[in-house]
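Chemist: Sharing a structure with you now.
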Amino acid sequence: MSRTTIHIEQQGLINPRVLFRLSEPANVPQANILEELDCNVSVPPFTDLASQKLDNEGLTGSLVRDVGTAIYNRLSAHPGVKAALNMIPNAKLDEPCPIFIQMTTHAAEVLPFEALFVPNHRFLALDDRSPIVRVTMPDAAIGVIERLCKVPLRVTAVISAADRQVDEEAEWQALYKTFSESSIDFKLQVLVGRTNLFNMIGDAHDSRVEVARIDGDSVDLMNIINHFEPSVLHFFCHGTTKPAAYLEVATQATHDLGDRPIYLSQDHIKRVSRYLLLVTLNACEGAAPVPDSPSLAMAIAGSGVPVVVGMREAIDAKDANLFTRAFYQELFKELHRTLSSPQAETPNWPALLRAPRDRLALRQGGPPIEAAAAHKRWCLPILYMRAEKLRIRRSGDMEQLGELQELGSLQSKFSKDSPPEMIAEIDQMIAELEKSLPT
């Protein structure tokens, strides 16, 4: 099987209707007929899901499965889509068949597609074969997006939540531990508001990490990020959809003097989008629907960022930290595979949320299938992709960098009693490797 692509659009201005069809696979009968999609979530079980609390661990029941079945029933109003979805459970275990929800309108964002449940099967997003991703279709698609991915991988992490008590140190530790354990070399820029977190990061004395406190306004913050030219931009802060979709980033003055935080919209992030492969909004409501406009995640993807990950609702801080750990483990493995390949490859973006979903479901407690059926925390992360093909050009050589890391590790173990000729040989090898690396 190939991927299943469900195309969703809106027609009409006075009495707009949301319509959908099956665009892939093309050989399914009645694939291209248009059916109206029911996007009403003001009825059970959707209202029950929206009101479910995240702090209720050990919860039992079938609420999420009921919602997933309701999504399946609405999509099955289209005979072609129904036929395609029913084929997925019969796919071979090694046969990927990802599901792409391709949208030219934000009107369907209210539906929790990630909970899709095929009767007598399981949640498709928890099946290795069938990850669910959302694809934004901007008005001016450009065919191919090209990005230069520098090695060491450059990542900016903005870790600063205003007002409420959020464990920023746990987020930093989850991020740093994952980076340090990865097989990909990195340069990490960390921008923080709190003094204690600034000191904690600085005390690590890691030359791969540079830390600064957030000061000034949104323009100042984006200028600092722009100068660093990250390929990955990670936010751990608060998010809101009222009155519009924004990130709420605390500055040094917010924490020290009680000043207002910085508010970032998709227009701010667009200023650095030419470098970015991925933006992670590990913040409340980063992918939550907004009346009369796209979610922040959808808007950022529409502005030119190839991949955006966000949350449909407010999230628990421990869930956010756990998500960071699991998500970046998967991302670094995938980027290492992609950048190590002698041929240009596109990362398998749809698969990145599979392991984090499992980890979030397991945190609920009890058997994984029962936990997933009862509690929504695992289906809150959403991944948006742009429709264009992504072409990554790398700068630096992964194999040489790996050798350089190994030699550097060996060099650090030398003592004053080590044979001088051995030390000189390692020093020479390191110098030659450094000269051969592209800038």
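The values are calculated or read from the model by the stated rules, or taken from the named source; none is laboratory data. These figures come from a predicted structure and were not determined experimentally. When we count neighbours, we look across all protein chains shown, and the Cβ atoms used for this are built from the backbone with ideal geometry, even at glycine. Accessible surface is based on the protein model in full, side chains and every heavy atom, while ligands, DNA and RNA are left aside. Shrake-Rupley method; radii C 1.70, N 1.55, O 1.52, S 1.80 Å.
Chemist: State all residues of the stretch 262-317 that are basic (Lys, Arg) and in contact with a Leu (Cβ under 7 Å, 6 or more places away or on another chain); if no residue qualifies, say none.
Modeler: Arg312
Chemist: Of the conditions (1) in contact with an Asp or Glu (Cβ under 8 Å, 6 or more places away or on another chain); (2) outside any helix (DSSP H, G or I), Val110 satisfies every one except a single condition; which number is it?
Modeler: Every listed condition holds for Val110 apart from (1).
Chemist: Filter the strands (runs of 3 or more DSSP E) completely within the stretch 122-235 down to those with at least 3 residues that are open to solvent by less than 60 Å² (accessible area, probe 1.4 Å) and among the acidic types (Asp, Glu). Break it down stepwise before answering.
Modeler: Details: elements: 132-136, 144-150, 153-159, 186-192, 209-213.
By residue number, no strands (runs of 3 or more DSSP E) qualify.
Chemist: Here's a follow-up. Need the failing condition index for Val41 against (1) in a loop (DSSP other than H, G, I, E, B); (2) open to solvent by less than 90 Å² (accessible area, probe 1.4 Å); (3) in contact with a strand residue (DSSP E or B) (Cβ under 9 Å, 6 or more places away or on another chain), just the number.
Modeler: Exception for Val41: condition (3).
Chemist: Could you please find all residues in the stretch 301-360 being part of a helix (DSSP H, G or I), open to solvent by less than 20 Å² (accessible area, probe 1.4 Å) and of a type in the set (A, V, I, L, M)?
Modeler: Ala301, Ala320, Ala326, Leu331, Leu335, Leu339, Leu352, Leu353, Leu360
Chemist: Search the stretch 94-105 for residues that are open to solvent by less than 30 Å² (accessible area, probe 1.4 Å) and pair each with any residue that is hydroxyl-bearing (Ser, Thr, Tyr) and assigned to a loop (DSSP other than H, G, I, E, B) when their beta-carbon atoms are under 8 Å apart and the residues are at least 6 apart or on different chains.
Modeler: Filtered contacts from the stretch 94-105: Cys97/Ser2; Cys97/Ser130; Pro98/Ser130; Ile99/Ser130.
Chemist: List pairs: first in the stretch 375-394 and part of a strand (DSSP E or B), second charged (D, E, K, R) and open to solvent by 10 Å² or more (accessible area, probe 1.4 Å), Cβ under 6 Å, 6+ apart or cross-chain?
Modeler: As it stands, the answer is Ile382/Arg312; Arg391/Glu146; Ile392/Arg147, since those pairs meet every condition given.
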